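I have placed the structure first, in the form of structure tokens, so that the comments after it can refer back to it.
Only the coordinates and a few stated rules stand behind these numbers; no lab work does. Every value quoted in this text rests on a predicted model; they were computed, and no experiment measured them. In this analysis, Cβ positions are derived from the backbone assuming ideal geometry, glycine residues included, and neighbour counts consider all displayed protein chains.
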Amino acid sequence: MVLRRNNVPIDPSSIDSVAVEIDGFFDDATHLLLCFSITCDVEESQAVFRAGDCRFANVAIWRKEKFGTVGKAKANEALLRNAEQFAEMFANDFLSANPKPK
């Protein structure tokens with residue numbers, strides 16, 4: 001939704017992808033504090049040629065990461081807010097690199 005709101009074109013047939021990964025764990029003592037990491041990657045398929053052999057791999061061409069802690073009661077809100085911030089950053093970077101023709 002954030003990308004559409006910022007007029008970033010979305011091509012459902014594209015082989016490139018945006019991946020958001022959220023990892024975390026609660027503290028052992030009280031299980032009330034979430035330690036988390038969020039990574040957002042834009043990946044592009046690349047062909048690599050070596051010694052006559054061709055291999056394909058997904059390569060991160062844009063990446064943002066964040067680490068933090070949040071109380072269990074506010075975890076959903078905080079993780080969603082961070083994911084939306086990454087989407088805003090990507091939209092701004094994408095639009096800066098791909099200005100609309102005048």
* Between 0 and 90°, nearest 10: helix 75-97 axis offset from the chain longest Cα axis -> 20
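Find out how many positive minus negative residues lie around residue 5, taking Lys and Arg as positive, Asp and Glu as negative, among other residues whose Cβ is under 14 Å from that of residue 5.
On the way: positive: 4; negative: 84, 88.
After counting each charged neighbour, the total is -1.
Find how much the distance from residue 72 to residue 48 grows on full extension, using 0.36 nm per residue of separation minus their present alpha carbon separation; answer in nm with one decimal. Could the numbers behind the result be given before it?
Details: separation 24, 0.36 × 24 = 8.64 nm, distance 4.40 nm.
Stretched out fully, the residue 72 to residue 48 stretch lengthens by 4.2 nm.
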* Asked: Quick one: length gained pulling residue 98 to residue 63 fully straight, 0.36 nm per residue minus the C-alpha distance?
  -> 10.9 nm
* Net charge contributed by nearby residues that have their C-beta within less than 12 Å of residue 37 (K/R +1, D/E -1) -> -1
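Quick one: grab the alpha carbon gyration tensor of segment 48-102, order the square roots of its eigenvalues as a ≥ b ≥ c, and give me rounded if a/c is under 1.5, else prolate or oblate depending on whether a/b is larger than b/c.
Note, shape of segment 48-102 comes out oblate.
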* To do: For segment 2-97, count the residues as N, evaluate 2.2 N^0.38 Å, and divide the Cα radius of gyration by that value, please.
  => 1.38
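What does the charge dipole of the chain about its Cα centre add up to, to the nearest 20 debye, if the Cβ of each Lys and Arg holds +1 and the Cβ of each Asp and Glu holds -1? Working shown, then result.
On the way: 12 positive and 15 negative charges, 84 e Å.
Roughly 400 debye for the chain.
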* Find out how many positive minus negative residues lie around residue 71, taking Lys and Arg as positive, Asp and Glu as negative, among other residues whose Cβ is under 11 Å from that of residue 71. => 0
* Could you give the length gained on full extension between residue 33 and residue 5, defined as 0.36 nm per residue of separation minus the Cα-Cα distance, in nm? -> 6.8 nm
* Structure fact -> Ranking 35, 7, 18 by how far each Cα lies towards the positive end of the charge dipole of the chain (+1 on Lys and Arg Cβ, -1 on Asp and Glu Cβ), the top one is 7
